[in-house]
Amino acid sequence: MEKRRLGTQGLEVSALGLGCMGMTWAYGQGDDQESTATIHRALELGCDFFDTAEIYGPWTNEELLGRALSGRRDEAVIATKFGWDIDENGERQGLNSRPEHIKQVLEQQLRRLGTDHVDLLYQHRVDPEVPIEDVAGTVGELVQEGKVRFFGLSEAGAETIRRAHAAFPVSALQSEYSLWERALDDEILPAIRELGIGLVPYSPLGRGFLTGDVRRAEEYGEDDYRRNDPRFQGANYDANVKAAEAVREMAASKGVTAAQLALAWLLHQGQDVAPIPGTKRRARLEENLAAAEIKLSEAELKELELPVAGARYPEAMLRLSGR
């Protein structure tokens with residue numbers, strides 16, 4: 001698979017990565033055996049960019065990835081995230097990006113992942129109680145110690161990105177971006193491209209909406225994030241089903257799936273973009289990775305403009321984004 005460079009510090013990853021969150025968290029019960037096989041299949045197909053976080057589980061996602069990569073660590077680029085205060089019962093108590101906490105959490109992450117370094121370490125959400133310069137400086141110290149290779153931010157605003165990058169180079173911004181979510185276009189994308197920072201879009205398939213394999217919010221289980229997603233609820237759901245139909249129609253005309261078309265659109269947004277579609281099944285992984293071979297014309301790219309109804313997160317989560 002094609003490699004892409006994120007940032008100007010030398011981080012290279014496969015054009016499409018693998019979001020591991022759903023293997024243990026947010027989308028119902030996972031299957032560790034199939035998830036492990038999916039990670040191994042990704043490596044076989046040239047997908048080397050794996051995304052996890054301490055909060056996914058919490059902790060269990062990093063443990064799963066660490067077990068799956070045992071003996072194959074040097075084949076993988078591991079990205080994980082810090083930034084939450086998690087109590088001993090695994091309950092999230094709020095944000096915490098204090099320097100001493102970052103260092104403590106990283107040591108725990110290295111143990112769970114079974115490695116001596118993380119390739120890309122993100123701040124998961126901006127902590128308004130800790131100056132971003134302190135966060136960047138702390139990660140910079142970890143880079144100097146060899147425990148981290150590159151620094152990233154997630155869901156940060158343009159001003160915060162600029163301040164962080166001035167303190168220590170940011171290689172990647174992970175934020176939601178897709179045919180389904182274009183809020184980065186006006187301010188964030190111009191800023192990161194000016195600074196030479198790569199983009200790692202998460203939820204590139206609209207949490208499944210762009211695949212066509214979706215149901216109304218109330219039809220998902222209590223342990224599935226989509227039960228509380230505004231875009232899966234009521235009139236928003238009805239409007240979004242119609243909008244996604246345009247993607248399915250173009251996909252059918254090209255002989256590909258809607259998911260493949262949505263990923264191909266993202267890959268055409270620039271060589272500094274490396275999406276991380278999530279899955280816990282080999283068949284879906286293989287489908288997703290095949291999107292790297294799809295070519296789209298300028299006319300087709302322009303045609304893929306979706307009117308989307310509803311906020312992308314519940315209000316409490318929206319308040320944590322774009323700071």
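The values are calculated or read from the model by the stated rules, or taken from the named source; none is laboratory data. This one's a predicted model, so the numbers in the text were calculated from it and none came from an experiment. Cβ placement follows ideal geometry from the backbone for every residue including glycine, while neighbour counts extend to all protein chains displayed.
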- Are there any pairs, at least 6 apart or on different chains, whose C-beta atoms fall under 6 Å, with the first in the stretch 144-161 and within 14 Å of PRO201 (Cβ to Cβ) and of a type outside the set (Val, Ile, Thr) and the second surrounded by 22 or more Cβ atoms within 10 Å (Cβ to Cβ) and modelled with pLDDT under 95, and if so, which? none
- Say whether the condition of being crowded, with 22+ Cβ neighbours inside 10 Å and either more than 21 Å from the chain's Cα centre (by Cα) or not in a helix (DSSP H, G or I) (or both) is met by at least one residue in the stretch 155-166. yes
- Query: Hey, LYS302 hits all of (1) within 20 Å of the chain's Cα centre (by Cα); (2) surrounded by fewer than 16 Cβ atoms within 10 Å (Cβ to Cβ); (3) of a type in the set (Lys, Arg) but one; which does it fall short on?
  - Reply: (1)
- Message: Need pairs with beta-carbon distance below 7 Å; first residue under 18 Å from ALA172 (Cα atoms) and free of Cβ contacts under 8 Å to residues at least 40 places away in the same chain and within the stretch 107-127, second crowded, with 24+ Cβ neighbours inside 10 Å and among the basic types (Lys, Arg); sequence gap 6+ or separate chains.
- Response: none
- Task: Can you work out which of the residues in the stretch 238-287 that are under 21 Å from the mean Cα position of the chain (by Cα), assigned to a helix (DSSP H, G or I) and acidic (Asp, Glu) is farthest from ARG207 (Cα to Cα)?
- Result: GLU286
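Filter the strands (runs of 3 or more DSSP E) completely within the stretch 44-139 down to those with at least 2 residues that are surrounded by 16 or more Cβ atoms within 10 Å (Cβ to Cβ) and among the aromatic types (Phe, Trp, Tyr).
Here the list reads 49-51.
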- Query: Which residues, taken from the stretch 224-250, are crowded, with 21+ Cβ neighbours inside 10 Å and closer than 21 Å to GLU286 by Cα?
  - Reply: VAL247
- Message: I'd like to know if the stretch 38-53 contains one or more residues that are over 24 Å from PHE150 (Cβ atoms) and modelled with pLDDT under 95.
- Response: no
- Query: Which is among the basic types (Lys, Arg), in contact (Cβ under 8 Å) with a residue 40 or more places away in the chain, out of contact with any Leu (no Cβ under 7 Å at 6 or more places or on another chain) and part of a helix (DSSP H, G or I), of ARG226, ARG207?
  - Reply: ARG226
- Name the single residue, out of those in the stretch 10-25 being assigned to a loop (DSSP other than H, G, I, E, B) and surrounded by 18 or more Cβ atoms within 10 Å (Cβ to Cβ), that is modelled with the lowest pLDDT. TRP25
